[in-house]
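A.B. asks: Let me give you the structure first, and then I'll get to my questions.
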Amino acid sequence: MSIIKEFKEFAVKGDAVDMAVGIVVGAAFSKIITSLVNDVIMPPIGLLLGGVDFKNLKFILKAAAGNAPAVTLNYGQFINNTVDFLIVAFCIFLMVKGINHLKRK
């Protein structure tokens, strides 16, 4: 069997197409969740904590010198990304739970 024929069989299988669709939808969903976290959830939390903007929270490990930028540990962005991940993981959990519920019926 030729490589081209094997690839064609793989590419047109339902699983490969479903996976590709899932990746595209997942990427779009990720952008929505990132916006939800950055623009809707984190600002009120920052406000409750005294007007903190999480995106700008960082430790400066080495100050900028000349043309060299500062070396920073951006823990605020890490907090945003962690909340982002937790929301996506929870949504996926709910979707899998719903699909499993439908399969049982």
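A.B. asks: For residues in region 1-32 being among the charged types (D, E, K, R) and within 25 Å of residue 88 (Cβ to Cβ), which is farthest from the chain's Cα centre (by Cα)?
C.D. replies: Checked region 1-32; the qualifying residue farthest from the chain's Cα centre (by Cα) is 15.
A.B. asks: Okay, next question. Could you list, ordered by first residue, the pairs with Cβ atoms under 7 Å in which the first is in region 49-71 and more than 16 Å from residue 83 (Cβ to Cβ) and the second is assigned to a loop (DSSP other than H, G, I, E, B) and of a type in the set (S, T, N, Q), at least 6 apart or interchain?
C.D. replies: Once the first residue is more than 16 Å from residue 83 (Cβ to Cβ) and sits in region 49-71, its partners that are assigned to a loop (DSSP other than H, G, I, E, B) and of a type in the set (S, T, N, Q) give 58/74.
A.B. asks: Search region 78-105 for residues that are in contact (Cβ under 8 Å) with a residue 12 or more places away in the chain and farther than 15 Å from residue 26 by Cα and pair each with any residue that is of a type outside the set (A, V, I, L, M, F, W, C) and in a helix (DSSP H, G or I) when their beta-carbon atoms are under 9 Å apart and the residues are at least 6 apart or on different chains.
C.D. replies: Hits for this filter: 80/34; 80/38; 80/55.
A.B. asks: So for region 33-41 (the condition being more than 26 Å from the chain's Cα centre (by Cα) and surrounded by 10 or more Cβ atoms within 10 Å (Cβ to Cβ)), does at least one residue qualify?
C.D. replies: no
A.B. asks: When the residues of region 69-84 are narrowed to those that are aliphatic (A, V, I, L, M) and at pLDDT 90 or above, which ends up farthest from the chain's Cα centre (by Cα)?
C.D. replies: Among those residues, the one meeting the criterion is 70.
A.B. asks: Is there a residue in region 52-60 that is loosely packed, with under 11 Cβ neighbours inside 10 Å and modelled with pLDDT of 85 or more? Please lay out each step first, then the result.
C.D. replies: So in region 52-60, the residues loosely packed, with under 11 Cβ neighbours inside 10 Å come out as 56, 59-60.
From what's left, modelled with pLDDT of 85 or more: 59-60.
The answer is yes; a qualifying residue exists.
The values are calculated or read from the model by the stated rules, or taken from the named source; none is laboratory data. Here the structure is a predicted model, which is why all the values come from computation and not from measurement. For neighbour counting, all protein chains shown are included, and Cβ atoms are generated from backbone atoms with ideal geometry for every residue, glycine included.
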